[in-house]
1. For residues that are open to solvent by less than 10 Å² (accessible area, probe 1.4 Å) and not small (Gly, Ala, Ser), scanning just region 87-106, find the one that is nearest to residue 139 (Cα to Cα).
2. Please enumerate the residues belonging to region 84-98 that are touching a residue at least 40 places away in the same chain (Cβ under 8 Å) and in contact with a strand residue (DSSP E or B) (Cβ under 7 Å, 6 or more places away or on another chain).
3. For region 132-148, enumerate the residues that are away from the ligand (no atom under 11 Å from the Cβ) and in a loop (DSSP other than H, G, I, E, B).
4. Could you give me the residue pairs with C-beta distances under 7 Å whose first residue belongs to region 185-205 and is assigned by TED's automatic domain parsing to the domain that holds residue 76, whose second residue is open to solvent by less than 10 Å² (accessible area, probe 1.4 Å) and charged (D, E, K, R) wherever it lies, and which are 6+ apart or on separate chains?
5. Just one of the numbered conditions (1) open to solvent by less than 60 Å² (accessible area, probe 1.4 Å); (2) under 20 Å from residue 174 (Cβ atoms); (3) part of a helix (DSSP H, G or I) is not true of residue 63; which one?
6. As an exercise: evaluate residue 337 against (1) over 14 Å from residue 268 (Cα atoms); (2) not in a helix (DSSP H, G or I) and give the number of the one condition it does not meet.
7. Residues of region 155-170 being in contact with a His (Cβ under 8 Å, 6 or more places away or on another chain) and more than 11 Å from the ligand (Cβ to nearest atom), which ones?
8. Which residues, counting only those in region 228-269, are small (Gly, Ala, Ser) and open to solvent by 20 Å² or more (accessible area, probe 1.4 Å)?
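The values are calculated or read from the model by the stated rules, or taken from the named source; none is laboratory data. Note that the structure is predicted; figures quoted are calculated from it, not measured. Here the Cβ positions follow ideal geometry from the backbone for every residue, glycine too, while neighbour counts run over all protein chains shown. Areas reflect the complete protein model, heavy atoms only, side chains present, ligands, DNA and RNA absent. Shrake-Rupley method; radii C 1.70, N 1.55, O 1.52, S 1.80 Å.
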Amino acid sequence: MRKWNFSAGPAAIPEEVLLETQSELLEWNDSGMSIMEMSHRSSEFISVASAARQNLIELLNIPDNYQVLFLQGGATLQFSMIPMNFAFNKTADYLLTGTWSKKAIAEASKITSINTVASSETSNFQHVPEPGEWIESPTAAYFHYVANETIQGNALHQPPETKAPLVADMSSVILSEPINVSKFSMIYAGAQKNIGPAGLTICIIQDEFLASASDSLPGMLQYSKHADSDSMFNTPPTFAWYLAGKVFLWLKNQGGLKSIAVVNHSKAESLYRFIDESNFYSNPVAIANRSIMNIPFLLNNSDLDGQFLHDSENAGLLNLKGHRSIGGMRASIYNATPQEAIDALIEFMREFEITHG
Ligand SMILES: *Cc1c(COP(=O)(O)O)cnc(C)c1O
């Protein structure tokens, strides 16, 4: 029996999408074979792949002067590919707001020199430093930030105004609400949070920025090679691409990003409101920087953590354990998690508080 899954990633996928995938698993569309048994160069697969790309373009309203790539290697490979392609022998600006930006900086530091424009590490990444505190390099190749820190549960809700071209890791927030793509030179996201199964990484790169990329790297590490070959420089993750396409259609059927944003904001607000009104649970993130996708919370008495996890699992609420570096709990509430799941979680939390408070 399926339960409410609050996993940070790989995360919940809409049940309708899984059911439709199941119905097509043995044979896709009178082709005599499964989609995962099909050549990526076949006209059938190419039609699936282009429809997925087109639906993503429509959902995010991506302008014509951007390439939309379907790659592998996760967001983590982007941590290396971005400096390799765009910053070799140049400084790059990084905003340090949590575990993922820290990892991005660690990888980029192996490639080039990094300017950390600001950091909230000394306050455990419980807020995002104000733009007024940022010290940008006058010559940076790009400015990198993580729009939503999946582990700490903080977010920068609007794209910042920066001197250098803006590059954002949107792994855990992409497609949760509309964004103005034209503010960015590059957006990237691993699929397994809000797009589909693991193994697929989406990169959205402005043409002019792409033209500035290195062309002396090994092919697999060069964005322009992937762009020139429509993301088929080698065999792409065909099944993940196909399934992501179904998630994009599902999102369109939900009314697109404006509609899902309303749902996502009210989901997050209901959980934050409950936590803030309680003396039993707390969330440490500055209100202006609270994530709408990943909501960490602490039990004021951490001796009860084990009991909470045990009882919540029995109540059909899965994967609420916080990241090991933070402790406590975390509810990841991506697009595929409905208000009903949040209501069930709040009801459970209320009862747990009555029993143990
Ligand atoms: C999950 C995540 C990553 C890492 O993604 P992989 O696909 O495992 O490489 C990077 N950045 C953010 C913000 C994430 O949430």
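1. At the first step, the residues of region 87-106 found to be open to solvent by less than 10 Å² (accessible area, probe 1.4 Å) are 87, 92-95, 97-98, 101, 104.
Then keep just the ones that are not small (Gly, Ala, Ser); that gives 93-95, 97.
Details: 93: 9, 94: 13, 95: 16, 97: 22 Å.
Only one residue tops the list, namely 93.
2. Here is the first cut: in region 84-98, the residues touching a residue at least 40 places away in the same chain (Cβ under 8 Å) are 84-88, 90-95, 97-98.
If the condition is that a residue be touching a residue at least 40 places away in the same chain (Cβ under 8 Å) and in contact with a strand residue (DSSP E or B) (Cβ under 7 Å, 6 or more places away or on another chain), then 91, 92, 93, 94, 95, 97, 98 are the ones that fit.
3. 134, 135, 136, 137, 138, 139, 140, 141, 142, listed by residue number.
4. Hits for this filter: 188/169.
5. (3)
6. For residue 337, the exception is condition (1).
7. Step one: of region 155-170, the residues in contact with a His (Cβ under 8 Å, 6 or more places away or on another chain) are 167-169.
Within region 155-170, 167 is the sole residue that qualifies.
8. 229, 255, 259, 266
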